[in-house]
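I have placed the structure first, in the form of structure tokens, so that the comments after it can refer back to it.
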Amino acid sequence: MAVPLLSHADTAVGNAIEAAVRTKHRRRLNRLGWGRALDPPADGLWAAGDPPPREGCELEVLVDGAQALPAVAEAMRHARDFVHITGWHLAPHFELVRGEPPVVAGELLAELAERIDVRVLVWAGAPVPAFHPTRSEVRDTVRTLTRSTRIRAEVDPREHPFHCHHEKTICIDGELAFVNGIDLTDDAGDRFDSSDHPARRRLGWHDVGTRLRGPAVADVHDHFASRWHAVTGERLDRPPAPGRAGASTVQVVRTVAEDMYDEVPRGDFRILESYQRALRGAQRLVYLENQFLWSPEIVAVLADKLRRPPRDDFRLVVLLPAKANNGQDDTRGQLSVLAAADDHAGRFLAATIRSRSGERADPLYVHAKVGIVDDRWLTVGSANLNAHSLLNDTEMNVVTDDAALARATRVRLWAEHLELDSAEIAEADPAAVVDERWRPIAAEQLERRERGAPPTHRLVALPGVSKRSRRLLGPLEGLTDDG
């Protein structure tokens with residue numbers, strides 16, 4: 001009897017702390033004039049304000065490092081005027097192309113800097129050495145990157161306590177941009193991994209980025225130019241506006257905390273607004289890939305959908321890492337909220353993936369930041385579903401209402417994770433795929449893992465209900481460091 005009582009007490013206290021966190025976030029956003037980020041009007045999928053959605057764009061989704069990183073290298077090789085990079089961290093020795101010879105990020109940038117402008121802006125690192133990369137580690141990295149080269153590399157220390165500059169963008173000649181979840185580093189894991197994710201006796205890495213052409217590229221450039229000016233005092237010329245390049249409408253959205261840059265004194269929270277708009281309007285399907293699921297505001301919307309599903313065939317599928325590198329208590333506590341809201345109705349599934357070669361399996365880290373709603377709304381970028389990314393860190397995502405691209409992205413990702421041919425996914429109803437493929441495979445593999453049997457599939461379910469302590473520890477962590 002003592003354990004259930006403790007569990008109920010723990011949950012009650014956790015819920016109370018979480019309510020305090022949500023109230024804190026709401027007061028902050030209202031004070032800044034950003035109340036619409038939490039409560040947007042029901043006037044469409046696009047975030048209000050600037051930059052607006054841009055018609056005439058070409059947006060390509062690049063899945064996993066083996067596709068995305070060589071594409072980055074190829075685009076940089078053909079740069080004519082400049083390459084501008086932002087990142088959480090950049091390792092000069094990181095290989096963008098594997099093979100003989102490899103293409104090493106630092107070498108390529110040094111070669112480019114001999115003929116064009118190369119600017120790199122990275123987070124200055126953690127001021128407290130308990131976290132990595134530290135300030136001194138970043139200084140050493142920047143010295144290595146720029147030594148005997150013409151590369152301009154700067155560190156940006158304008159983070160709020162416990163937070164960082166997390167966006168990952170590359171803008172080339174004002175005509176092409178990569179808006180990514182993928183860092184150009186092997187810190188904490190090797191980003192260069194293929195979509196078949198073989199067991200390699202090391203941590204694998206699942207990630208997603210985008211390649212963008214057309215008018216929205218100017219918005220990526222303008223954001224870089226704004227941050228570069230804030231850090232260096234140098235104003236960059238705005239390149240000619242890119243012309244039409246495709247049929248997609250794309251909106252560039254970002255997170256910038258208040259009081260960080262003079263040009264954005266009240267901050268920018270349009271990634272949160274974009275998610276709120278799309279999730280509130282969801283009718284049939286929400287599919288999320290993310291490193292974290294901490295945000296109580298996002299989970300509240302999802303839980304409401306599960307309690308009052310808009311349709312009988314509504315499904316919510318969340319793909320997360322088996323063990324996030326931090327915040328695991330937050331994520332597992334939020335999963336318990338969603339599991340309780342679903343109440344065994346079978347509309348919600350939380351799963352993870354692992355590297356696999358036959359019966360050999362290795363950990364595979366889910367680092368992607370993808371949101372797909374009803375096969376009509378898609379976002380990809382650097383933002384995690386936590387208050388760090390939605391309220392505090394600098395982040396950038398792209399959003400599109402290109403239904404064909406949203407559906408194609410879902411089909412590709414589901415085929416990868418379910419180890420199926422894309423045609424099998426494309427021809428089936430999404431709810432049927434969840435019920436007949438995702439759920440039984442994930443459950444079977446979890447059962448095999450729990451009894452020590454070798455895996456027969458990459459997919460495996462995550463437990464839906466957290467351990468007792470996690471329902472309290474997660475909200476406590478959010479109260480202390482999520483701002």
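Quick note: the coordinates plus some simple rules give every number you see, no bench work behind them. Bear in mind the structure is a predicted one, so any value in this text is a computation, not a measurement. No Cβ is skipped: glycine too gets one built from the backbone with ideal geometry, and neighbour counts run over all protein chains shown.
The table for this structure:
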read-out	value
In order through the stretch 269-282: 3J(HN,Hα) via Karplus (6.51 cos²θ - 1.76 cosθ + 1.60), integer Hz, x for Gly, Pro	10, 7, 5, 4, 4, 4, 4, 4, 4, 5, 5, 5, x, 4
Acute angle (nearest 10 degrees) that the helix 217-232 long axis makes with the longest principal axis of the chain, alpha-carbon atoms	70
Crossing angle, helix 135-146 versus the chain [Cα axis fit, 0-90 degrees, rounded to tens]	40
The stretch 214-310: C-alpha gyration tensor shape, a/c 1.5 cut-off, then a/b vs b/c	oblate
C-alpha center-to-center spacing [the stretch 39-87, the stretch 399-419] in angstrom	17
Amide H contacts under 5 Å for D186, placed H, 5+ residues apart	A91
CD proxy at 222 nm, helix term only [per DSSP H run n ≥ 4: -39500 (n - 2.57); per residue of the chain; nearest 500]	-11000 deg cm²/dmol
Mean-position separation - Cα centroids, the stretch 197-219 and the stretch 224-279, in angstrom	20
Mean-position separation - Cα centroids, the stretch 129-149 and the stretch 362-377, in angstrom	30
Average Cα contact separation per residue, the chain, under 8 Å, 6 or more apart, as relative contact order %	20
Gyration tensor verdict on the stretch 116-256 (Cα atoms; rounded if a/c is under 1.5, prolate if a/b is larger than b/c, oblate otherwise)	oblate
Three-way shape label, the stretch 255-364, alpha-carbon gyration tensor, a/c 1.5	oblate
Neighbour cut-off at most 12 other Cβ (10 Å), DSSP loop, GluC sites (Glu not before Pro), the stretch 360-430	E427
